[in-house]
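Asks: Take a look at this one; I'll ask things after.
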Amino acid sequence: MAAPGLARAQGAEVAFGGLKADTSLPVEVTADVLSVNQTDGTAIFSGNVLVIQGEMRLSADRVEVIYGNAERSRIERLHASGEVTLVSGMDAAAAADAVYTIESGAVEMTGDVLLTQGANTIAGEKLVVDLTSGTGKMEGRVKTILQPGGN
């Protein structure tokens, strides 16, 4: 039996008003180390990695940049791993791993995902966020804690 203020479900649609971003803005990446592989066209940032795009901030231990064209001038996606945190507005999500597909504005976070919205939290195994619309879905034995009188 669930305690008051606690909800459980297999999957939950969630509004992510704070996790909304303009995906057409430039992507800035800072890190302790950058390794580039000219053969496969990847760049790997490691150590205190911070990715910024507008108001959205993503931090992780390691971020691999995958380019989507032959000239390697357009970023297709970012693969973040190791203590990944995504922050936008008042919303924050933490997970073990995340893949951000730039063109679609989709972020898929996996591995002990915890979303915090004010005093409320939602936990699950997988969170898919659409940064362009500010909507998302949490899956995998979802556990929600809602604070009485909260938003």
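Asks: Please go through segment 51-65 and give me each residue that is among the aliphatic types (A, V, I, L, M) and at pLDDT below 90, ordered by number.
Replies: M56
Matching residues to (1) among the hydroxyl-bearing types (S, T, Y); (2) surrounded by fewer than 17 Cβ atoms within 10 Å (Cβ to Cβ); (3) in contact with a strand residue (DSSP E or B) (Cβ under 8 Å, 6 or more places away or on another chain):
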| position | (1), (2), (3) |
| --- | --- |
| Y100 | yes, no, yes |
| G111 | no, yes, yes |
| L115 | no, no, yes |
| G136 | no, no, yes |
| R141 | no, yes, yes |
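Asks: Same structure, new question: Tell me which residues, restricted to segment 81-104, are in contact with a Lys or Arg (Cβ under 7 Å, 6 or more places away or on another chain), of a type in the set (A, V, I, L, M) and assigned to a strand (DSSP E or B).
Replies: V87, V99
Asks: Is it fair to say T23 is of a type in the set (S, T, N, Q) and closer than 20 Å to V128 by Cβ?
Replies: For T23, the condition - of a type in the set (S, T, N, Q) and closer than 20 Å to V128 by Cβ - is met.
Asks: Now for a separate question. Kindly indicate whether T23 is among the β-branched types (V, I, T), part of a loop (DSSP other than H, G, I, E, B), at pLDDT 80 or above and over 20 Å from the mean Cα position of the chain (by Cα).
Replies: For T23, the condition - among the β-branched types (V, I, T), part of a loop (DSSP other than H, G, I, E, B), at pLDDT 80 or above and over 20 Å from the mean Cα position of the chain (by Cα) - is not met.
Asks: Can I ask one more? If you go through segment 72-91 one residue at a time, how many are of a type in the set (G, A, S), at negative phi and touching a residue at least 60 places away in the same chain (Cβ under 8 Å)?
Replies: Total satisfying the criteria: 1.
Asks: Answer yes or no: is there a residue in segment 28-41 that is surrounded by 17 or more Cβ atoms within 10 Å (Cβ to Cβ), over 14 Å from the mean Cα position of the chain (by Cα) and modelled with pLDDT of 90 or more.
Replies: yes
Asks: If you take the residues of segment 68-104 that are touching an Asp or Glu at 6+ places or on another chain (Cβ under 6 Å) and at pLDDT below 95, which of them is nearest to G47 (Cα to Cα)?
Replies: The selected residue is S88.
Asks: On to the next question. Here are some residues: V113, V65, V107. Which one is touching a residue at least 24 places away in the same chain (Cβ under 8 Å), closer than 16 Å to D22 by Cβ and either in contact with a helix residue (DSSP H, G or I) (Cβ under 9 Å, 6 or more places away or on another chain) or part of a strand (DSSP E or B) (or both)?
Replies: Step by step, each of V113, V65, V107 is checked, and only V107 is touching a residue at least 24 places away in the same chain (Cβ under 8 Å), closer than 16 Å to D22 by Cβ and either in contact with a helix residue (DSSP H, G or I) (Cβ under 9 Å, 6 or more places away or on another chain) or part of a strand (DSSP E or B) (or both).
The values are calculated or read from the model by the stated rules, or taken from the named source; none is laboratory data. Since the structure is predicted, the reported quantities are computational estimates derived from the model, not experimental observations. Backbone-built Cβ (ideal geometry, glycine too); neighbour counts: all protein chains shown.
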